[in-house]
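Here is the structure we will look at, set down as structure tokens.
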Amino acid sequence: MITEHATEWLGFPVRLFAPEEAGEKPVDWSRTIFRLALDWDATMDFTELFAAFLEQPGVEQTPAIVIGKFFAESPEDTAEEVVESLVTARECLPALRGIFLGDLVSEECEVSWINQTDVSPLFTAYPGLEHLRLRGTNRLSLGRRPRHARLRSLTIETGGLPPALLGEVLAGDFPALETLELWLGTPSYGGDVTLLDLQSLLSGKLFPRLRHLGLRDSELADALAAGLAGAPILEQLEGLDLSLGNLGDAGGAALLANPALRRLQRLNLRHHYLSPRVARALQQALPFVDVAEAQDSQTPEEDRYVAVGE
């Protein structure tokens, strides 16, 4: 469950854009990210809110934008209008390097209900885009063969990653990609990705500059840990993130037996079902590991939950 909006992204603070308060306080637009979001009782639609944002002096300096609740009442509305607005505004936002589309928390809309859209037009509209973060996968598409020369990070947050969407990611031509974060989720919410589906990614042949890989929020955490044995991609990684999933002692033992992990600088296993004994062994063998947010290790495997499944 996601309960908090982003308050910081890409090293900048995130502030809610309030048209009625615009201009009251000085803003360093080059070092501030605004979140555009509609209230339940909003008197304007998203296009009107976005137009008000574009009218602000200094908006051309904004380094990134966060899009929150883009519908007034019906969560059935897709983000198509948001993407169209961003594409139309491309000349007004020449400094834009980051787009976070879907910063909604559970009280606004469960992650499995967020209706996205085809975001591939953003790749063409913003050739300087470096960071793309997407939450929710209903109707989400990156395009059949997405391509972007400067994209450095791609994050897809979901309660269940569809194999077809994973296929679009892996078919992408992203030569500058350094960080890839995928929330795999559960089959109950469309997360049917298997270890076999990830083999081309683990081969290390797709994204030569990749240094940080996140395969998070997965019911397959133990299988992923075992599947990393001998994975060529570990030779290029500095950080590995298997957090938010149902990792247990079987997965912990597989990680301990993998010598390639000792090359890492960071290993994130937060929210896990490791026993205290295995958690301590991992901390001794891999001092850079994060094993916070321990769940009850005595929980039967079939009763273990990922952190974000709804």
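The values are calculated or read from the model by the stated rules, or taken from the named source; none is laboratory data. The structure presented is a predicted model; accordingly, all values stated were derived computationally and were not measured. When we count neighbours, we look across all protein chains shown, and the Cβ atoms used for this are built from the backbone with ideal geometry, even at glycine.
Residue count for the range 180-215, restricted to those that are under 26 Å from residue 305 (Cβ atoms) and either at pLDDT 95 or above or not small (Gly, Ala, Ser) (or both): 22. Within the range 34-60, being within 18 Å of residue 132 (Cα to Cα) and touching a Ser or Thr at 6+ places or on another chain (Cβ under 6 Å) holds for no residue.
The set of residues in the range 139-160 that are on the phi < 0 side of the Ramachandran plot, in contact with a helix residue (DSSP H, G or I) (Cβ under 9 Å, 6 or more places away or on another chain) and part of a loop (DSSP other than H, G, I, E, B) comprises 140, 142, 144, 145, 146, 148, 151, 158, 159.
The condition of being part of a helix (DSSP H, G or I) and acidic (Asp, Glu) holds for only one of 192, 197, that being 197.
Residues of the range 117-129 that are surrounded by fewer than 18 Cβ atoms within 10 Å (Cβ to Cβ), touching a residue at least 24 places away in the same chain (Cβ under 8 Å) and not in a helix (DSSP H, G or I): 118, 128. Beta carbons closer than 7 Å, at least 6 apart along the sequence or on distinct chains, pair a first residue in the range 193-220 that is within 14 Å of residue 241 (Cβ to Cβ) with a second that is among the aromatic types (Phe, Trp, Tyr) for 216/183; 217/183. Taking first residues from the range 57-80 that are touching a residue at least 12 places away in the same chain (Cβ under 8 Å) and of a type outside the set (A, V, I, L, M) and partners that are outside any loop (DSSP other than H, G, I, E, B) and exposed (fewer than 15 other Cβ atoms within 10 Å of the Cβ), the Cβ contacts under 6 Å between residues at least 6 apart in sequence or on separate chains come to 61/30.
What number of residues in the range 237-284 are on the phi > 0 side of the Ramachandran plot and without any contact (Cβ under 8 Å) to a residue 40 or more places away in the chain?
The number of residues fulfilling the criteria is 1.
Scanning the range 63-116 for residues that are aromatic (Phe, Trp, Tyr) and either over 26 Å from residue 29 (Cβ atoms) or surrounded by fewer than 22 Cβ atoms within 10 Å (Cβ to Cβ) (or both) yields 71, 113.
Regarding residue 239, is this residue modelled with pLDDT of 95 or more and within 24 Å of residue 167 (Cβ to Cβ)? No; evaluated as a whole, the condition is false for this residue.
Annotation: residue 157 fulfils all but one of (1) crowded, with 17+ Cβ neighbours inside 10 Å; (2) acidic (Asp, Glu); (3) under 19 Å from residue 84 (Cα atoms); the unmet one is (3). Exactly one residue out of 307, 292 is among the aliphatic types (A, V, I, L, M), in contact (Cβ under 8 Å) with a residue 40 or more places away in the chain, out of contact with any helix residue (DSSP H, G or I) (no Cβ under 9 Å at 6 or more places or on another chain) and closer than 18 Å to residue 1 by Cα, and it is 307. Do you know which of the residues in the range 6-45 that are farther than 23 Å from residue 97 by Cα, more than 27 Å from the chain's Cα centre (by Cα) and among the hydrophobic types (A, V, I, L, M, F, W, C) is modelled with the highest pLDDT? If we take residues in the range 6-45 being farther than 23 Å from residue 97 by Cα, more than 27 Å from the chain's Cα centre (by Cα) and among the hydrophobic types (A, V, I, L, M, F, W, C), then 44 is modelled with the highest pLDDT. Answer with yes or no whether residue 210 is over 16 Å from residue 116 (Cβ atoms) and part of a loop (DSSP other than H, G, I, E, B). It is true that residue 210 is over 16 Å from residue 116 (Cβ atoms) and part of a loop (DSSP other than H, G, I, E, B). Could you check, for the range 185-199, whether at least one of its residues is under 15 Å from the mean Cα position of the chain (by Cα) and of a type in the set (Phe, Trp, Tyr)? Scanning the range 185-199, I find no residue that is under 15 Å from the mean Cα position of the chain (by Cα) and of a type in the set (Phe, Trp, Tyr), so the answer is no. When restricted to residues that are part of a strand (DSSP E or B), of a type outside the set (A, V, I, L, M, F, W, C) and crowded, with 23+ Cβ neighbours inside 10 Å, the range 166-186 contains 1.
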